[in-house]
Protein chains: 2
Amino acid sequence: MTKSAQPSRVARVGLVQMSTGPDKAENIDKAQRFIEQAAKQGAQIVCLQELFASPYFCQTEDAKMFDLAEPVSGETTSAMAEAAKRHSITLIAPIFERRAPGVYHNSLVVLGPSGQRLGHYRKMHIPDDPNYYEKFYFAPGDLGFMAVSTPHANVGPLICWDQWYPEAARLTAMRGAEILFYPTAIGWLPEEKAEFGAQQLDAWKTIQRSHAIANGVFVVAVNRVGHEASPNGGIQFWGHSFVCDPFGVVLAEAGEEEQVLVVELALGKAEATRRNWPFFRDRRIDAYSGIGHRYLDGNE
Amino acid sequence: MTKSAQPSRVARVGLVQMSTGPDKAENIDKAQRFIEQAAKQGAQIVCLQELFASPYFCQTEDAKMFDLAEPVSGETTSAMAEAAKRHSITLIAPIFERRAPGVYHNSLVVLGPSGQRLGHYRKMHIPDDPNYYEKFYFAPGDLGFMAVSTPHANVGPLICWDQWYPEAARLTAMRGAEILFYPTAIGWLPEEKAEFGAQQLDAWKTIQRSHAIANGVFVVAVNRVGHEASPNGGIQFWGHSFVCDPFGVVLAEAGEEEQVLVVELALGKAEATRRNWPFFRDRRIDAYSGIGHRYLDGNE
């Protein structure tokens, strides 16, 4: 990490890419150690991976797994609020949210340097694919897309599957987000990796870099690592957490092992990029109403 | 070009990447020679670059240039209709459209194998940047986003600056387009090339590949080449016309000289990709209404 030569606003983001085991307390402990490491390296906004306190339990549909869920102010949030306060940082902490009996969300909280809750986001786009049976577990979010004001930047929280949707990135940027954060759990199915693995990883990076380009924002993606077993062969989570600038240039990228990245962002680059590539100016807002339809085949 | 091993639907697309000179008849002649070359190589849908019949005259604001404009059924369209008929192909031919005195568009026509007009698209997003003074010349399109049914595929016509807008790609795909075509005129400003050239080219490719990924469609981008002078230093058009598949994998890419590319597309790959990456299924159409606003700062 090098200091920016400019006196303009900067934010130092920390990405915690880790593996998880079956014990929630141990996962939380590990996250705390990595948060401390990031803070010591100067990180001001630290982001953890999706559902960091547990294995990625959505590989099977099992109602017992709802026992892992917690209220939005539960033990995981409390532990993370303490960590944020201890290091005087902003912390983006995903949680498996128990909102009411039978109403669960894939969520995150944005915690400020005093441990206060600055934001709460519920994953809007819920996948359901082999080994990613999330529609069984999570009700779709109902808090919409948002920017959360923090001491160092306006952050736009999104979660995993949201990353494939240009609409989500656009709406979050239009709320004023300067940095989109995507806590994620994505990996290879072992039987697909040889044939499709490289393409899948590249598509995942490309779509997120495109959100940076289309919207003139920084993008931070934080993924998990490690193989997690399941009756269907499990998932090899591919890591490769990365940060890109508002023109899609990758500033830092992790490998496929546990890693903490700390990256300094020159926030002024967002406006500089938007001045030269003024996409917001020319949006045809008179012609986008079809976006609110499922498909445009005359039956909408 | 190799034949697909599958018996499924295929379309062979032809990309004509060329330089232009001041003489319209010569540009049309050259285009015709390249169209013939593409057809002889088996192309069924040939796409020309944006404003292929003239230099990129938008580098300065000069009312005399409106003399270059033609009615949608003018001489350029007629010559192209003849070429389509002669080779029994579908042809995507950009034109500088004179609609009425003072009403001009940056347009294209989609011409079928009998020379008939199958579609007419008017560029929706109009740029205005140093050396690209298009807002002076072109009224924004009012025909919306469309898919055009042709004998070989449903094609989604878009033009240049449209390529930076996820909304345009999404709406065109939702109309049923299987292949997005982006006739383009983009290049380096000489004074920027050393510092930013590689990033600009990469961003251009990335955003278009992302439309393929987000929408499960093929993308065909057709750019011009050559340096065209202007009082401001001119533009070095960067070529690099390319085709990518519905997961963003580049199938073919041109260099920075005149070139004809012919690429066979296995159209079934679009549905195969969408089955495995079912992004349309999970769109949150209840939560996208903000897309119709300029910005979401409380003043919309």
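The values are calculated or read from the model by the stated rules, or taken from the named source; none is laboratory data. Quick caveat, the model's predicted, so the values are computed rather than measured. Using ideal geometry, Cβ is built from the backbone for each residue, glycine included, and neighbour counts are taken over all protein chains shown. Accessible surface areas use protein heavy atoms only, side chains included; no ligands, DNA or RNA. Shrake-Rupley method; radii C 1.70, N 1.55, O 1.52, S 1.80 Å.
Overview of results
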quantity: Residue, farthest from A:N215 (Cα to Cα), within the range A:174-188, restricted to residues that are within 16 Å of the chain's Cα centre (by Cα) and within 12 Å of chain B (Cβ to nearest Cβ); calculated: A:I186
quantity: Any chance A:F279 is over 18 Å from the mean Cα position of the chain (by Cα), open to solvent by less than 30 Å² (accessible area, probe 1.4 Å) and aromatic (F, W, Y); calculated: yes
quantity: Residue within the range A:25-40 that is assigned to a loop (DSSP other than H, G, I, E, B) and more than 14 Å from A:V225 (Cα to Cα) present; calculated: no
quantity: Residue in the range A:86-104 that is among the polar types (S, T, N, Q) and closer than 24 Å to B:W277 by Cα present; calculated: no
quantity: Criterion violated by B:E271 - all others in (1) under 30 Å from A:D286 (Cβ atoms); (2) surrounded by fewer than 21 Cβ atoms within 10 Å (Cβ to Cβ); (3) more than 9 Å from chain A (Cβ to nearest Cβ) satisfied; calculated: (1)
quantity: So A:M65, is it modelled with pLDDT of 95 or more and touching a Phe, Trp or Tyr at 6+ places or on another chain (Cβ under 8 Å); calculated: yes
quantity: Scope the range A:78-92; condition open to solvent by less than 10 Å² (accessible area, probe 1.4 Å) and part of a helix (DSSP H, G or I); matching residues; calculated: A:M80, A:A83, A:A84
quantity: Selected residue (criterion: farthest from the other protein chains (Cβ to nearest Cβ)) from residues of the range A:126-152 that are surrounded by 19 or more Cβ atoms within 10 Å (Cβ to Cβ) and part of a helix (DSSP H, G or I); calculated: A:Y137
quantity: Condition broken by B:F237, with the remaining ones in (1) at pLDDT 95 or above; (2) over 17 Å from the mean Cα position of the chain (by Cα) satisfied; calculated: (2)
quantity: Within the range B:177-188, tally of residues that are part of a loop (DSSP other than H, G, I, E, B) and more than 23 Å from A:R283 (Cβ to Cβ); calculated: 1
quantity: Complete set of residues in the range B:6-40 that are in contact with a Leu (Cβ under 8 Å, 6 or more places away or on another chain), open to solvent by 10 Å² or more (accessible area, probe 1.4 Å) and free of Cβ contacts under 8 Å to residues at least 60 places away in the same chain; calculated: B:K24
quantity: Which numbered condition B:S73 misses (of (1) open to solvent by 30 Å² or more (accessible area, probe 1.4 Å); (2) of a type in the set (S, T, Y); (3) part of a helix (DSSP H, G or I)); calculated: (3)
quantity: Selected residue (criterion: surrounded by the fewest Cβ atoms within 10 Å (Cβ to Cβ)) from residues of the range A:110-125 that are within 13 Å of chain B (Cβ to nearest Cβ) and part of a strand (DSSP E or B); calculated: A:R122
quantity: Selection from the range B:41-69 of residues that are at positive phi and either in a helix (DSSP H, G or I) or buried (at least 20 other Cβ atoms within 10 Å of the Cβ) (or both); calculated: B:L51
quantity: Selection count where residues are surrounded by fewer than 15 Cβ atoms within 10 Å (Cβ to Cβ) and of a type in the set (F, W, Y), scope the range B:282-291; calculated: 0
quantity: Condition met for A:R294 (buried (at least 17 other Cβ atoms within 10 Å of the Cβ), in a loop (DSSP other than H, G, I, E, B) and within 14 Å of chain B (Cβ to nearest Cβ)); calculated: no
quantity: Test: residue in the range B:153-173 that is surrounded by fewer than 17 Cβ atoms within 10 Å (Cβ to Cβ) and either away from every other protein chain (no Cβ under 14 Å) or among the small types (G, A, S) (or both); calculated: no
